[in-house]
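**Student:** Sending over a structure as structure tokens; questions will come in a sec.
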Amino acid sequence: MSTSRIAALAAATATLSASATLGAVVVPAAHADPAGKLEIVLDASGSMADPAADGKPKIQAARQALTTMVNGMPDGSQVGMRVYGATQPPGRDTPAACSDSQQVVPVGALDKAKLNAAIGRYSPKGQTPTSYALKEAAKDLGSTGQRSIVLVSDGEATCSPDPCVTAKELARQGVDLRVDVVGFKVSEKARSQLQCISSATNGKYYDAADTSGLTSALQSAKNRALQPFSIGGTPVTGTPTSSGAPVIGPGRWTDKAPATGKTAKFYALKHTMPGSTFLVGVTSRPSAKDSQLRLQLKTPDGTSCGSTSPTASNNLFGRTLLTGALSSASPTSTSSKACASQDLNLSVSQTDWGDDAAGTPVEFDVVEVPAATNEGVLPREAEDATWQTMPAAGTPTPAAGGSGLPDATAVQAGSTSSFDLLPGETKFFKVPATWGQQVQAQATAEQNPAYGAGSYRNLSVSILSPAGGYVQSTLPKGMPDTGSGTLSNSSLVDDSGAMVGSATTPIRYTNGGSVYDRTEATSAPGDYYVAVALTTQSSEKPDTLRSPLKMTLQVATPGKAGEGAPAFAAGQRVKTPTGTVANVATGGTGGTGGTGSTATPSDSGAGSAAGSASATAGTSGDAGTEAGGAPREVSAGASETNWTLIGGLGGGAALLAALGTVAAVAMRRR
């Protein structure tokens, strides 16, 4: 490692605060580059009247897919729209036809009504002046900040110059612009031309043949362009007192943070199964530099059933993601019997530490675990994680990656996924895990000369529980040697690539009584979330590097499924935000009440036809369960930039881990 890298490493280690524990998700600081700008550029040539593979006219499929795309955009996004080939008659490449492009919605704060109205007016007519439209779109987006174009076309250009030449010229001029291209039922010749446009601008090319494929491609392109950290769920409004508080049960819910001070918001948790315990998590992206929420569970008569204080703090690379979870079986409970037999009140407040984050959108994820009928014979809470050898990597399957928990891309244990990652991006995946298993994730970045000398970007991987909150072990045992050091959840990236890994403790029913937050949150089976991120070069200024890292992600769930599983009363199952967990027979110490995989209503992900949060949020999948209804995606504000994950850095990892553990326990018991 060079002297300059060692110096940078030392500075990073010294600057990170004790509360920024390993694996925390961070967003660049408030003075960093504002949220990226996006212009949708649509081909309105006459061929868009032709049928798509599903028999619908291409224009009809495009309207449907574009409407889904726009309606799923987070509030505060900077978005505009341009069409080309929309006004001049087809058949001749006249000067008028080859400059036929209009900006129908200026780039600015997201106005879904205007964009949808423009989509409704979008109709096929003329020629295909792709090159002219690209040049004009680059002007529309201005000269500063992260700028992206999503180009949708169904054919090759009919006007000179070749749009591939134009894209290369824009790149040579140093225009910081990425063009993601969707080819809609195109010929080989057109595909080659469109792929050249995306390649020249460090964009990505997507093929689509029908309405579903186009919707999926546009969803992925939208996520790459805007890269929000999304939250989702059924909207609720907490009350200022416990009287009349809205009921939230297993599912996903959204509200806004209360004002700082003694103001709190209250929610009610009602047992749907006698003696059950709740795992409750909160996830948010505060705009404040430093902020802290206080979650408390109590019975109606004031008996404490646990508390936690997740924090978002500022460090070298930005503010950490605010996420944490607590169990009503917590050791801070003053009466476990009362907490299991009485309905509970959840109060959420801001502490006096840090800045006021009032009004910040927050997501609550609720898991309900039935009472074990064999608790006396269950294994004790798990110790620190021990890394298990990962299975041999298989052929990678492309996976888009989501922008938060609601739209995380579903992957299976033992799978290998491939995706691109740009500086400032975080991508979320989910994997089902059950009793007796632990979750492991290993992410590898390929060699890329663009990340050579002078690059101080950090790659990291973190794991969150079914209710949110970090659950990767701070210092897992048995981490392997990567050839350049011991595998950890965080590593600086250089031109030789990078490898990072994380692991949780085994999932056990008795983990709910742990004094450690990260162990406590592994007290339920369900979908666990893997977040892979690449930081920007600096939180002080925009990162102009637009060369994506080619990534592979391996996910595994070592351990015997169902070993040490609790037994439940007939008909009872664990209820999570993404579904109930099916019971399976086991040979472990827990008898026959174990669980296998998570039976989600449907797998969501950035590549799904439906968009994102709508596939998973707000339902437990169990009739009669108190849960949310239709979900929504919520933005944390227009001024925010991309989220990144960061853990400890190189040689400072052990120090940061120790400090982080002490700080986490201290905050947990405040």
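The values are calculated or read from the model by the stated rules, or taken from the named source; none is laboratory data. Computed from a predicted structure; not experimentally measured. Backbone-built Cβ (ideal geometry, glycine too); neighbour counts: all protein chains shown.
**Student:** For the range 109-127, what are the residues that are part of a helix (DSSP H, G or I) and either among the β-branched types (Val, Ile, Thr) or free of Cβ contacts under 8 Å to residues at least 40 places away in the same chain (or both)?
**Tutor:** Hits for the range 109-127 are ALA113, LYS114, ALA117, ALA118, ILE119, ARG121.
**Student:** Return a yes/no flag: does the range 275-296 have any residue that is touching a Ser or Thr at 6+ places or on another chain (Cβ under 8 Å) and free of Cβ contacts under 8 Å to residues at least 40 places away in the same chain.
**Tutor:** Looking through the range 275-296, none of the residues is touching a Ser or Thr at 6+ places or on another chain (Cβ under 8 Å) and free of Cβ contacts under 8 Å to residues at least 40 places away in the same chain.
**Student:** Among the candidates ALA209, ALA259, ALA200, which residue alone is surrounded by 18 or more Cβ atoms within 10 Å (Cβ to Cβ) and not β-branched (Val, Ile, Thr)?
**Tutor:** After applying the criteria, what remains is ALA200.
**Student:** Can you tell me which of (1) closer than 27 Å to ALA399 by Cβ; (2) at pLDDT below 90 is the one ARG172 doesn't meet?
**Tutor:** Status for ARG172: all satisfied but (1).
**Student:** Tally time: how many residues in the range 541-588 are polar (S, T, N, Q), at pLDDT 90 or above and touching an Asp or Glu at 6+ places or on another chain (Cβ under 6 Å)?
**Tutor:** Of the residues in that region, 2 qualify.
**Student:** Checking the condition hydroxyl-bearing (Ser, Thr, Tyr), buried (at least 24 other Cβ atoms within 10 Å of the Cβ) and at pLDDT 90 or above, which residue from THR519, THR536 passes?
**Tutor:** THR519
**Student:** Looking at the range 444-463, which of its residues are part of a helix (DSSP H, G or I) and buried (at least 22 other Cβ atoms within 10 Å of the Cβ)?
**Tutor:** Answer for the range 444-463, where residues must be part of a helix (DSSP H, G or I) and buried (at least 22 other Cβ atoms within 10 Å of the Cβ): just TYR451.
**Student:** Look at ALA570 and say whether it is without any contact (Cβ under 8 Å) to a residue 40 or more places away in the chain and either in contact with a Cys (Cβ under 7 Å, 6 or more places away or on another chain) or hydrophobic (A, V, I, L, M, F, W, C) (or both).
**Tutor:** So ALA570 passes the test.
**Student:** Then there's this: Can you find a residue that is touching a residue at least 40 places away in the same chain (Cβ under 8 Å), within 29 Å of GLY424 (Cβ to Cβ) and aliphatic (A, V, I, L, M) anywhere in the range 90-106?
**Tutor:** No: the range 90-106 contains no residue that is touching a residue at least 40 places away in the same chain (Cβ under 8 Å), within 29 Å of GLY424 (Cβ to Cβ) and aliphatic (A, V, I, L, M).
**Student:** State the number of residues belonging to the range 507-521 that are part of a loop (DSSP other than H, G, I, E, B) and out of contact with any strand residue (DSSP E or B) (no Cβ under 9 Å at 6 or more places or on another chain).
**Tutor:** Residues flagged as part of a loop (DSSP other than H, G, I, E, B) and out of contact with any strand residue (DSSP E or B) (no Cβ under 9 Å at 6 or more places or on another chain) within the range 507-521 amount to 3.
**Student:** Next up: Considering only residues of the range 51-108 that are hydroxyl-bearing (Ser, Thr, Tyr) and assigned to a helix (DSSP H, G or I), which is surrounded by the most Cβ atoms within 10 Å (Cβ to Cβ)?
**Tutor:** THR68
**Student:** Here's something else I'd like to know. If TYR132 satisfies every condition in (1) at pLDDT 95 or above; (2) part of a loop (DSSP other than H, G, I, E, B) but one, which is the exception?
**Tutor:** (2)
**Student:** Would you pick out the residues in the range 281-320 that are more than 30 Å from HIS271 (Cα to Cα), hydroxyl-bearing (Ser, Thr, Tyr) and either at pLDDT 90 or above or not in a loop (DSSP other than H, G, I, E, B) (or both)?
**Tutor:** Hits for the range 281-320 are SER291, THR320.
**Student:** Any residue that is assigned by TED's automatic domain parsing to the domain that holds GLN88, on the phi > 0 side of the Ramachandran plot and charged (D, E, K, R) - is there at least one of those in the range 193-210?
**Tutor:** No, the conditions are met nowhere in the range 193-210.
**Student:** While we're here: Filter the range 267-292 for residues that are touching a strand residue (DSSP E or B) at 6+ places or on another chain (Cβ under 6 Å) and more than 25 Å from PRO370 (Cβ to Cβ); which is surrounded by the most Cβ atoms within 10 Å (Cβ to Cβ)?
**Tutor:** It comes out as PRO286.
**Student:** I've got another one for you. Of the residues GLY354, GLY376, GLY401, only one is at pLDDT below 95 and either at negative phi or among the aromatic types (Phe, Trp, Tyr) (or both); which?
**Tutor:** The unique qualifying residue is GLY376.
**Student:** Would you say ASP420 is assigned to a strand (DSSP E or B) and over 22 Å from PRO480 (Cβ atoms)?
**Tutor:** Yes.
**Student:** Given (1) in the same structural domain as ALA52 (by TED's automatic domain parsing); (2) aliphatic (A, V, I, L, M); (3) surrounded by fewer than 24 Cβ atoms within 10 Å (Cβ to Cβ), where does VAL236 come up short, assuming only one miss?
**Tutor:** Tallying (1) in the same structural domain as ALA52 (by TED's automatic domain parsing); (2) aliphatic (A, V, I, L, M); (3) surrounded by fewer than 24 Cβ atoms within 10 Å (Cβ to Cβ), VAL236 fails exactly one: (1).
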